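Asker: Right, I'll just put the structure down here and ask away after.
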């Protein structure tokens, strides 16, 4: 469990808040508009109303006490930049800021952000990969080289076990999960035998995974 400060409760801030609460974290949320936080009051630890570009408002939040501070303002880059910089000046441990453009990300990183996220860009890339490939059900990019893919079982694998197929040696990928209709098993036993109905969560270099996709 972590203590998290989320500044800016637009659509992305709302989704982040809901997900963080479900995972058991303690949250303080802040926005200038009380009405955008009304549905979250019962879910979070604390709700504050204020303009976080004002140093005194930000100082009153005790930002150094949080494990993570998230700046989720997407419509006003100037405000996002000011708040990011102030958070670091006031001793924030780790600052994550939302960006819509590469140039914004560069300025945010130069002004104190420890990490910059691109929700719209990342979702678009993830969807593009899934739609472009016939046999990719989900996709999560980890780095420029590595990603996680959800794929079906190759016909040649049906009846064989993970140990017998020897994925790491033959295909240079790791199976990190096996997904069936009712559950996902993240600790795959070496003797597990495929019946052809599973989806595999595999992690590897994109070029190695693409070789598998050509045979599905």
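Asker: Measure out, as a whole number of angstrom, how far apart the alpha-carbon centroids of region 59-84 and region 193-216 sit.
Answerer: About 40 Å separates the Cα centre of region 59-84 from the one of region 193-216.
Asker: To continue, here is another question. Under a crude label model (7 Å from the Cα following the beta-carbon direction), how far is residue 185 from residue 19 in nanometres?
Answerer: According to this spin-label approximation, the distance is 2.8 nm.
Asker: Angle check, please: helix 11-22 long axis (alpha carbons) against the longest principal axis of the chain (alpha carbons), in degrees 0 to 90, nearest 10.
Answerer: 70 degrees
Asker: Once the Cβ-Cβ distance between residue 146 and residue 102 is put in as r, and R0 is 22 Å, what FRET efficiency do you end up with, to the nearest 0.05?
Answerer: On the way: r = 21 Å, r/R0 = 0.97.
It comes to 0.55.
Asker: Treat each spin label as a single point 7 Å out from the Cα along the C-beta direction, and report the residue 168 to residue 36 distance in nm.
Answerer: For the pair residue 168/residue 36, the computed spacing is 4.7 nm.
Asker: To continue, here is another question. Using 1/(1 + (r/R0)^6) with R0 = 25 angstrom and r between the beta carbons of residue 195 and residue 215, what's the FRET efficiency to the nearest 0.05? Working shown, then result.
Answerer: Working: r = 19 Å, r/R0 = 0.75.
Approximately 0.85, to the nearest 0.05.
Asker: Additional query: For residue 89 and residue 65, compute 0.36 nm times the residue count separating them, minus their Cα-Cα distance, and round to one decimal in nm. Write out the running numbers ahead of the final one.
Answerer: Values: separation 24, 0.36 × 24 = 8.64 nm, distance 1.37 nm.
Between residue 89 and residue 65, full extension yields 7.3 nm more.
Asker: Then there is this: Helix 77-89 against the longest principal axis of the chain: what's the angle in degrees, Cα atoms only, rounded to the nearest 10?
Answerer: 80 degrees
Asker: Next question. Just from its helices, what would the mean residue ellipticity at 222 nm be for the chain, if runs of 4 or more DSSP H residues each count -39500 (n - 2.57) and the sum is divided by every residue, rounded to the nearest 500 deg cm²/dmol? Spell out each step's value before the answer.
Answerer: Working: 8 runs with 71 residues, N = 216.
Per the formula, -9000 deg cm²/dmol.
Asker: Would you mind checking the tilt of helix 119-132 against the longest principal axis of the Cα atoms of the chain, expressed as 0 to 90 degrees and rounded to 10?
Answerer: 20 degrees
Asker: Based only on Cα atoms, what Rg/Rh ratio does region 122-213 have, Rh being taken as Kirkwood's radius?
Answerer: Rounded to two decimals, Rg over Rh is 0.95.
Asker: If eta is 0.890 mPa s and T is 25 °C, what Stokes-Einstein diffusion coefficient results for the chain, Kirkwood Rh from Cα pairs, in µm²/s?
Answerer: Numbers: Rh = 19.7 Å.
Diffusion coefficient, whole number: 124 µm²/s.
Asker: Largest first, please: the extent of the C-alpha atoms of region 3-117 along each principal axis, to the nearest Å.
Answerer: Ordered largest first, region 3-117 gives principal extents of 36, 26, 25 Å.
Asker: With label points built 7 Å along Cα→Cβ from the Cα atoms of residue 2 and residue 124, find their separation and express it in nm.
Answerer: Using points 7 Å along Cα→Cβ, the separation is 2.7 nm.
Every read-out reported here was derived from the displayed coordinates using simple, explicitly stated rules and does not represent laboratory data. It should be emphasised that the depicted structure is a prediction, and the values quoted were computed from it without experimental measurement. Neighbour counts are summed over all protein chains in view; Cβ atoms, including those assigned to glycine, are modelled from backbone coordinates with ideal geometry.
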